[in-house]
1. Scan segment 204-221 for residues that are crowded, with 20+ Cβ neighbours inside 10 Å and either in contact with a Leu (Cβ under 6 Å, 6 or more places away or on another chain) or not in a helix (DSSP H, G or I) (or both) and jot them down.
2. Give Q222, Q186 a once-over and let me know the one that is of a type in the set (S, T, N, Q), free of Cβ contacts under 8 Å to residues at least 24 places away in the same chain and within 27 Å of L93 (Cβ to Cβ).
3. Going by the structure shown, is G236 small (G, A, S), closer than 21 Å to Q47 by Cα and either assigned to a helix (DSSP H, G or I) or more than 18 Å from the chain's Cα centre (by Cα) (or both)?
4. If I262 meets every condition in (1) within 30 Å of V143 (Cβ to Cβ); (2) at pLDDT below 90; (3) crowded, with 16+ Cβ neighbours inside 10 Å apart from one, which number is that one?
5. Checking the structure you have, find out if any residue of segment 233-244 is within 24 Å of G35 (Cβ to Cβ), touching a residue at least 60 places away in the same chain (Cβ under 8 Å) and crowded, with 16+ Cβ neighbours inside 10 Å.
6. Out of the residues in segment 194-233 that are among the polar types (S, T, N, Q) and under 17 Å from the mean Cα position of the chain (by Cα), state the one that is nearest to F111 (Cα to Cα).
7. Applying the selection to segment 123-139, what residues are within 19 Å of V219 (Cβ to Cβ) and not in a loop (DSSP other than H, G, I, E, B)?
Amino acid sequence: MLAPAVLALAAVTLFPAIYLLWMSVRGLQVQAPRGFVGLENFRVLVQSPSFREATWTTGIFVASTTTVSLILGMALALALNEDLRGRGVMRTLLTLPLVVPPVVAGFAWKFLLSSDVGVIGAYLFRLLGLGWAPLGDPALAMVSVVLADIWSKTSFMFLILLAGLQAIPSELYEAARIDGAGFLVQLRQITLPLLRGVLVVALILRVLDAINTFDVIFVMTQGGPGTATQTLTILGWKTGFTYFDLGQAAALAVLMMVATVIAAMALIRRTTRAT
């Protein structure tokens, strides 16, 4: 009974993964294909300065977006888990970024931060007397793509954490309040321990999504200015479709796949030990 579903899943996951591994050990330069090259693609890639720089940039991007979106999502979930007036409307508004495609979100933020016509990049900065061009400055460009990604993905964290909070029995908080426990004590002794599993799931999904983020960065900066926002996904795209080295692009994808699996396993193992 499960065979059709297993075959369909294998067709869209297992086969592409195997084909990717096959490509990564072949010299697939469009201009001079060389056939089987073993691990040469991986060796050249790891020794490349652009790969090391892109790895560092990806780490900054992942750490920034994951940390901020987790904190904001948790704060919003805690606030809207209370019996507040208009919380239904606020919950609906906070989920709106989820229905906006990342490409559209990228274009919207690129327009907002434009130093020519953007509401933030032109008018607000000009009003404050700042001559910044957010997408043209290396430091501000990274801040800009991080900001856009946080806006786009915090709603996801908010929904997961809110669902986890609503699953915690309210009697525990009532008993804690009777015993004189304040908000911080309840958060440390009740909320966070009972929310640990949900936090790990949300964190894993967010980290994996951040590592593989492409569309927002590509639309806003295409990895620029220079290589200031060139993450591993952007480097992979340039390697495969600008430099036409499909073998190295496949090797990069394999390394990213291994890195995401290791990161997920590490988070799961740490949480399992903690429980």
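1. If the condition is that a residue be crowded, with 20+ Cβ neighbours inside 10 Å and either in contact with a Leu (Cβ under 6 Å, 6 or more places away or on another chain) or not in a helix (DSSP H, G or I) (or both), then T213, T221 are the ones that fit.
2. Details: Q222 fails: within 27 Å of L93 (Cβ to Cβ).
Every option except Q186 fails the conditions.
3. Taking the combined requirement at face value, the residue satisfies it.
4. Evaluating I262 over (1) within 30 Å of V143 (Cβ to Cβ); (2) at pLDDT below 90; (3) crowded, with 16+ Cβ neighbours inside 10 Å leaves (3) as the failure.
5. No, segment 233-244 contains no residue that is within 24 Å of G35 (Cβ to Cβ), touching a residue at least 60 places away in the same chain (Cβ under 8 Å) and crowded, with 16+ Cβ neighbours inside 10 Å.
6. Top of the filtered list is T221.
7. Restricting attention to segment 123-139, the residues satisfying the condition of being within 19 Å of V219 (Cβ to Cβ) are 133-138.
Within segment 123-139, P138 is the sole residue that qualifies.
Residue-by-condition table, conditions (1) within 25 Å of I204 (Cα to Cα); (2) surrounded by fewer than 17 Cβ atoms within 10 Å (Cβ to Cβ); (3) in contact (Cβ under 8 Å) with a residue 60 or more places away in the chain:
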{"residue": "L21", "(1), (2), (3)": "yes, yes, yes"}
{"residue": "R26", "(1), (2), (3)": "no, no, yes"}
{"residue": "G35", "(1), (2), (3)": "no, yes, no"}
{"residue": "N41", "(1), (2), (3)": "no, no, yes"}
{"residue": "T67", "(1), (2), (3)": "yes, yes, no"}
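The values are calculated or read from the model by the stated rules, or taken from the named source; none is laboratory data. A quick note: this is a predicted structure, and the numbers were derived from the prediction, not measured. Cβ: placed from backbone, ideal geometry, glycine included. Neighbour counts: every protein chain shown.
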